[in-house]
Every structure is written in structure tokens, then in C-alpha cells.
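Structure, as C-alpha cells:
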Amino acid sequence: MFADPIRNLVPAFCNVVEAESNLINVHHAKISTKGEIRSAGGYSTPAGMRYQIAVTPDGRSSYAEGTVRTTFAGSIMEARGTNTSIDYNRTAATNSWKDQTQASGGIRILQKVFGYGSGLRI
């Protein structure tokens, strides 16, 4: 679904970005995660997301044990023209991506960082 028209300068768009991590039977681990999100407040304020996860041994063992999974995915759908043109909310471009990581067994260090920023660059 395209965003509602705000100004007649910006084509319609729809951005969806997701970040997820799963810990399965994890032992002897120090785990930290951090997520940040910025929702667009208007056509001139870009949306953004940053997510990170780190897994290391907790000191009782040389390795963290278990399974750690991460998924980062997104989809961007864009139209062309302004909201006064016939193509304003007709899909002109779609970009989708997905990154998945899984580490199982003895984990010495796992660190994943994902960042995304949208917005109209003028």
C-alpha cells in the first residue's frame, strides 16, 4: 500500500523493513541487542532503522553454546511523478532484500549490524 499524498512534490512510496533475532538453547553467553527506529514525520524527514546483536562467551566457557539466528529484510515500492500525474501511485520500481544468518554449536563471537535509511535526497 502506498503512503497517502502529502505534497505534490513527492511520488508515492511504501517502505517496509524488519529485523529479528532468535536464541535457541543458548548457554554460557553474553548477549546484547540494540534497536533504533525513526519514523518519518513528513516528506522531508527520512525514516531509518538500525539493529545490532552481539553474542560472546560469558567467561565460564571459551564458547557460547547454542543457535543464534538473525533475519534482516526489506521491501521498497516506489511510484514516479507527483500526485497530480497519472503515474503518481502506479508502481514503477520494487526493491526487496533479505539477509539471514545462523550460527550453531560453539560460538566464539557473533556480531551483526544492520542499518537502513530512506528519504528523498534533494
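The values are calculated or read from the model by the stated rules, or taken from the named source; none is laboratory data. Quick caveat: nothing in here was measured; it's all calculated off a predicted structure. Using ideal geometry, Cβ is built from the backbone for each residue, glycine included, and neighbour counts are taken over all protein chains shown. The accessibility values were calculated without ligands, DNA or RNA, using every heavy atom of the protein model including side chains. Shrake-Rupley method; radii C 1.70, N 1.55, O 1.52, S 1.80 Å.
General observations
- Hits in the stretch 69-86 - residues which are open to solvent by 70 Å² or more (accessible area, probe 1.4 Å), farther than 12 Å from residue 118 by Cα and modelled with pLDDT under 95: 80, 84, 86
- Any hit, the stretch 90-101, residues being farther than 23 Å from residue 117 by Cα, at pLDDT 90 or above and either outside any strand (DSSP E or B) or of a type in the set (Phe, Trp, Tyr) (or both): no
- Selection within the stretch 30-68: residues that are within 13 Å of the chain's Cα centre (by Cα) and surrounded by fewer than 13 Cβ atoms within 10 Å (Cβ to Cβ). The member of this set that is modelled with the lowest pLDDT is 39.
- Inter-residue pairs, beta-carbon under 6 Å, first within 23 Å of residue 75 (Cβ to Cβ) and in the stretch 19-34, second open to solvent by 60 Å² or more (accessible area, probe 1.4 Å), 6+ apart: 22/69
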